[in-house]
Amino acid sequence: MKIPNRIQPLVDDGAVDAVLQRLKSGKEADVYTVLCGGKIQCAKVYKEAAQRSFKQAVQYQEGRKVRNSRSTRAMQKGSKFGRKQQEETWQMAEVDALFRLADAGVRVPQPYMCIDGVLLMELVTDADGAVAPRLSDVTLTKEMAVTDFDTMIRNIVRMLCAGLVHGDLSEFNVLLDANGPVIIDLPQAVDAAANNHAESMFERDVNNITAYYGQFDPQLLQTRYAKEIWALYEDGKLTPETPLTGLFVEEDHDVDMDSLVDEIIAAEDEFYDRKRAAEERDQQYD
Ligand SMILES: Nc1ncnc2c1ncn2[C@@H]1O[C@H](COP(=O)(O)OP(=O)(O)OP(=O)(O)O)[C@@H](O)[C@H]1O
Ligand SMILES: [Mg+2]
């Protein structure tokens, strides 16, 4: 196909040999298959800020590190230089997140490079080599749903251990390759420790994923992974290997009344035993 203007510089540089097909024109980016050194890869071309939507909202920006203070000041002032810096920060956030997550063992597309607003990465494919479908486009058996849900929860834990919350996780941003789910679309990923909205975004992410897999096995809807994982994370006890139960008991609710009553009776008995012993002692001295 004709080479889109935004990819032309990569062709001129020799990073891309040919553009094969436009896969998707999303809200935030256009995605193409491209040929690079004889291999098919995926090219994500970010749209200009003006055409983009919610993901650049201020709540996603909180706690994000910008390389130098001149850039930070310019971004706050909204000058032309500032807007350019903001664009670059936004685009680099996705490639940074992909590298960080791939290193942490989270199944994401392997990133290759990000230049001139174009991210080159692994093309995720299914068992036949065709472009992988999104979770929203497939129907799963109950067994697959249970297995893949478990894999997703493990990937979400690894992601949090690497310090990131996806922030827009749902069946629309997960692809299904021959081995299971692959998480994509990360420019809005937030810093788990520095962003005050991280916990609520984390809960929303986990709940979206639970609701999706729960369609195929309603028992999964009973799990409470978001609260369990976040509590372990906050206590500094979360590692990729931490065993999880999917259960979470809120402190103020679900008190086990039977054992509480037993404890009260035992405390009462102890009180009267002591009182009787004290009275007996007193009588001996009388
Ligand atoms: N590495 C990849 N391999 C295969 N397909 C991909 C890859 N990355 C993206 N896609 C396809 O392109 C679509 C858009 O990508 P992505 O979600 O990253 O961009 P977006 O502009 O944020 O899209 P949207 O607004 O639809 O969420 C995906 O839903 C998926 O179908
Ligand atoms: Mg998307």
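One table, with the values for the structure above:
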| quantity | calculated |
| --- | --- |
| Any chance Leu186 is within 16 Å of ligand 1 (Cβ to nearest atom), touching a helix residue (DSSP H, G or I) at 6+ places or on another chain (Cβ under 7 Å) and either outside any helix (DSSP H, G or I) or of a type in the set (A, V, I, L, M, F, W, C) (or both) | yes |
| Hey, Ala192 farther than 27 Å from Met92 by Cβ and either in contact with a strand residue (DSSP E or B) (Cβ under 9 Å, 6 or more places away or on another chain) or buried (at least 23 other Cβ atoms within 10 Å of the Cβ) (or both) or not | no |
| Residue check for Pro240: part of a strand (DSSP E or B) and either in contact (Cβ under 8 Å) with a residue 60 or more places away in the chain or surrounded by 11 or more Cβ atoms within 10 Å (Cβ to Cβ) (or both) | no |
| Search result, residues across region 131-151 that are away from ligand 2 (no atom under 16 Å from the Cβ), buried (at least 17 other Cβ atoms within 10 Å of the Cβ) and either aliphatic (A, V, I, L, M) or at pLDDT below 95 (or both) | Leu140, Ala145 |
| Identity of the residue in region 172-187, under 14 Å from Asn208 (Cβ atoms) and not aliphatic (A, V, I, L, M), that ends up farthest from ligand 2 (Cβ to nearest atom) | Pro181 |
| Residue match in region 8-16 (condition: within 15 Å of ligand 1 (Cβ to nearest atom), in a helix (DSSP H, G or I), surrounded by fewer than 14 Cβ atoms within 10 Å (Cβ to Cβ) and at pLDDT below 95) | no |
| Qualifying positions in region 1-16 - free of Cβ contacts under 8 Å to residues at least 60 places away in the same chain and under 15 Å from Met113 (Cα atoms) | Val11, Gly14 |
| Hey, Ala266 part of a helix (DSSP H, G or I) and either within 30 Å of Glu143 (Cβ to Cβ) or touching a residue at least 12 places away in the same chain (Cβ under 8 Å) (or both) or not | no |
| Residues located in region 38-56, provided they are surrounded by fewer than 13 Cβ atoms within 10 Å (Cβ to Cβ) and modelled with pLDDT of 95 or more | Lys39 |
| Which numbered condition Val165 misses (of (1) in contact with a helix residue (DSSP H, G or I) (Cβ under 7 Å, 6 or more places away or on another chain); (2) within 16 Å of ligand 1 (Cβ to nearest atom)) | (2) |
| Set Ala198, Ala189: member being touching a residue at least 12 places away in the same chain (Cβ under 8 Å), touching a Leu at 6+ places or on another chain (Cβ under 6 Å) and closer than 11 Å to Val165 by Cβ | Ala189 |
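The values are calculated or read from the model by the stated rules, or taken from the named source; none is laboratory data. Owing to the predicted nature of the structure, the values given are computational and were not obtained by experimental measurement. A quick note on method: Cβ atoms are made from the backbone with ideal geometry, for glycine too, and the neighbour counts reach across all protein chains shown.
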